[in-house]
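In what follows, a structure is listed as structure tokens, so that the remarks can point back to it.
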Amino acid sequence: MKALVVEDNVNLANSIAATLSEAAFSIDVADDGRKALHMLEQGGYDLLVLDLGLPELDGISLLRTLRHQQDTIPVLIISARDSLDQRIHGLEVGADDYLCKPFSLEEVTARARALVRRAKHFGGETLQCGRLEFLPDAMELRLDGKPLLLHRRELEVMEYLLINQNRLVNKDQIIDRLSTSDESVSYAAVETYISRIRKKIGYDFGLKTVRGLGYYLESKDYEPKDVKAPGYE
């Protein structure tokens, strides 16, 4: 899960980012609305945590622009504007949830997870592909019911492959999914993650490579009619 936190209070932004990182989010932070809009236009985010009182472009204008562009990213507003009219206005413009300051960081995490689950339509349930199952809330991958020891990046790759099972995903999509403004991911790193995952889940499992194109996780009953390329493994 990848989130953008837009907050001009540096200490608060860092606290939210650290808390969401502990809850298995990859986090980018922006301190003004115009910068945030540019980052969002690059795509790849699952959640926007948005303050309203921002420099350059205020939060309501940013949100209105996103919805005008048909961007359906889940948006959690965090704001000191706590009157009923202001909360209603934020929701009417297009926010999915509204949290008034001061708030507990644990509540931010709970609401963030709920919004992402709702948007991904798996409601916190396990993602399954044959003998593999992934528990999003716990960030745990199981094979035949037994937990596998995967590092955080490997788990993030597996989550993405499971969400997109039977669909080809390329390295650029995986890199965009994993990278943050503070931590970039290389093509070589993606290849390393895939190699390690194969060793841990077993080579007989349906993690397929299409050379020069990307990877996909194949469920048992799937025939890859739309994946045709030389070097198919």
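The values are calculated or read from the model by the stated rules, or taken from the named source; none is laboratory data. These numbers were taken from a predicted model, which means no experiment stands behind them. Here Cβ is always computed from backbone atoms with ideal geometry, including for glycine, and neighbour counts include all displayed protein chains. When the accessible area is computed, the model is the full protein with side chains, heavy atoms only, and any ligands, DNA or RNA have been set aside. Shrake-Rupley method; radii C 1.70, N 1.55, O 1.52, S 1.80 Å.
Taking max minus min of the alpha-carbon positions on each principal axis, the stretch 127-167 gives extents of 25, 21, 15 Å, largest first. Computed from backbone phi, the HN-Hα couplings of the stretch 93-98 come to 5, x, 5, 8, 7, 9 Hz, rounded to whole numbers (Karplus: 6.51 cos²θ - 1.76 cosθ + 1.60, θ = phi - 60°; Gly and Pro given as x). Remark: the stretch 2-122 carries 46 Å² of accessible area per residue (probe radius 1.4 Å; ligands, DNA and RNA excluded). In this structure the amide hydrogen of R167, modeled in the peptide plane, comes within under 5 Å of the amide hydrogens of L217, none closer than 5 places in sequence on its chain.
Across all Cα atoms of the stretch 127-217, the radius of gyration (one decimal) and Dmax (whole number) stand at 12.4, 36 Å. Only the Cβ atoms of Lys and Arg (+1) and of Asp and Glu (-1) were treated as charged; on that basis the dipole of the stretch 1-72 about its Cα centre amounts to roughly 200 debye. For the stretch 142-147, 3J(HN,Hα) computed residue by residue from phi via the Karplus equation (6.51, -1.76, 1.60; θ = phi - 60°) reads 10, 10, 6, x, 9, x Hz, glycine and proline entered as x. Helix 59-68 and the long axis of the chain differ in direction by around 50°, with both axes built from C-alpha atoms. Summarising the label geometry, the points placed 7 Å from Cα in the beta-carbon direction at S21 and E140 lie 2.5 nm from one another. Treating each Cα of the stretch 50-103 as one equal point scatterer and applying the Debye formula with no solvent, the log10 of I(q)/I(0) at q = 0.12, 0.14, 0.21 Å⁻¹ comes out as -0.23, -0.31, -0.70. Secondary-structure-derived ellipticity at 222 nm for the chain, considering helices only, amounts to -12500 deg cm²/dmol, per-run term -39500 (n - 2.57) for DSSP H runs with n ≥ 4. Normalised by the number of residues in the chain, the average gap of Cα pairs under 8 Å and 6 or more apart makes the relative contact order 15 percent.
Helix 10-22 axis versus longest C-alpha principal axis of the chain: approximately 30°, rounded to the nearest ten. Projecting the Cα positions of P136, L99, S26 onto the charge dipole of the chain (unit charges on Cβ atoms of Lys, Arg, Asp and Glu, taken about the Cα centre) puts P136 furthest along the positive direction.
Of the trypsin sites (Lys or Arg not before Pro) found in the stretch 19-87, no site is in coil according to DSSP while having at most 10 other Cβ atoms within 10 Å of its Cβ.
Other residues whose C-beta falls under 14 angstrom from the C-beta of D58 contribute a net charge of -2, scoring Lys and Arg +1 and Asp and Glu -1.
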